[in-house]
Amino acid sequence: MSRISARLAVTAVAAAAALAVTGLSDTALAATATTAPTGSLVVQEDSTFLKDAAASGIIAIALPNATPGFTSGTGFSATFPVTGGTVNLPGFYGNVSLGGGLLLVNIKTGKVAVFNKLAFSADNWAVTGVPLGQSAPVLLLDPVGNTSVTTSAGTQTLTSDDLEIDPAGAQYADTQLGTTFFTAGQHAGTANLTFTPGS
């Protein structure tokens, strides 16, 4: 064996040993690779609710990385992407983390309410959000009415034709914005949540 061949052999052995020690072998990398959950919560806003809110000076704005939408047939909507979590919708337990946030503005008083760390809590069966500067989530919206939960090819889907304002969310928003517009059980729109767990 030439000196060059010997050096190459030693280098290869050393590299293999280093990979084994640091856990960076192909097998280890494949074993630890994961994919994040996917899906979204789509809220289709009720046109009557929006008109009444505007008449009271209330504006709701979906914050990045949520995506607002509009069609002439269905009106305004907001899509909040799934960013994490573990949930069993048929079993009514778990939590789905959502991207984006929610800004509520009262143009008559100049007061605002901001919710971050949005999520769907299957334990509470409600969309929740953490008010800016606080740590505890507030129940905001409850999917009720004609509600369907299905599972297909690993993807869980929740649909509801009646997304209502939760009593806790109504009280918080009214207090924060200086209004009496929000009420418990108020119809705000419809909801469609899809969740595919990571692997």
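The values are calculated or read from the model by the stated rules, or taken from the named source; none is laboratory data. Values in this document were obtained by computation on a predicted structure and should not be read as measured data. So basically every Cβ, Gly included, is an ideal-geometry build from the backbone, and we count neighbours across all protein chains shown. Only protein heavy atoms, including side chains, enter the accessible area calculation; ligands, DNA and RNA are left aside. Shrake-Rupley method; radii C 1.70, N 1.55, O 1.52, S 1.80 Å.
What to note about this one:
- The set of residues in region 135-153 that are within 14 Å of Thr194 (Cα to Cα) and within 18 Å of the chain's Cα centre (by Cα) comprises Pro143, Val149.
- Of Val112, Val138, Val87, all but one fail to be within 30 Å of Thr35 (Cβ to Cβ) and either open to solvent by less than 60 Å² (accessible area, probe 1.4 Å) or not small (Gly, Ala, Ser) (or both); the exception is Val87.
- Inclusion of Val96 among residues that are open to solvent by 40 Å² or more (accessible area, probe 1.4 Å), in contact (Cβ under 8 Å) with a residue 60 or more places away in the chain and under 19 Å from Gly39 (Cβ atoms) is not warranted.
- Residues in region 141-157 that are within 19 Å of Leu98 (Cα to Cα) and open to solvent by 50 Å² or more (accessible area, probe 1.4 Å): Val149 only.
- The set of residues in region 175-184 being under 19 Å from Pro143 (Cβ atoms) and open to solvent by 40 Å² or more (accessible area, probe 1.4 Å) consists of Thr183, Ala184.
- Number of the exception - Ser160 against (1) in contact with a Ser or Thr (Cβ under 9 Å, 6 or more places away or on another chain); (2) surrounded by fewer than 17 Cβ atoms within 10 Å (Cβ to Cβ); (3) of a type outside the set (Asp, Glu): (2)
- Index of the failed condition, Pro81 passing every other in (1) touching a residue at least 12 places away in the same chain (Cβ under 8 Å); (2) open to solvent by 50 Å² or more (accessible area, probe 1.4 Å): (2)
- Filtered residues of region 120-134 (kept if within 17 Å of Thr194 (Cα to Cα) and assigned to a strand (DSSP E or B)): Phe120, Ser121, Ala126, Val127, Thr128
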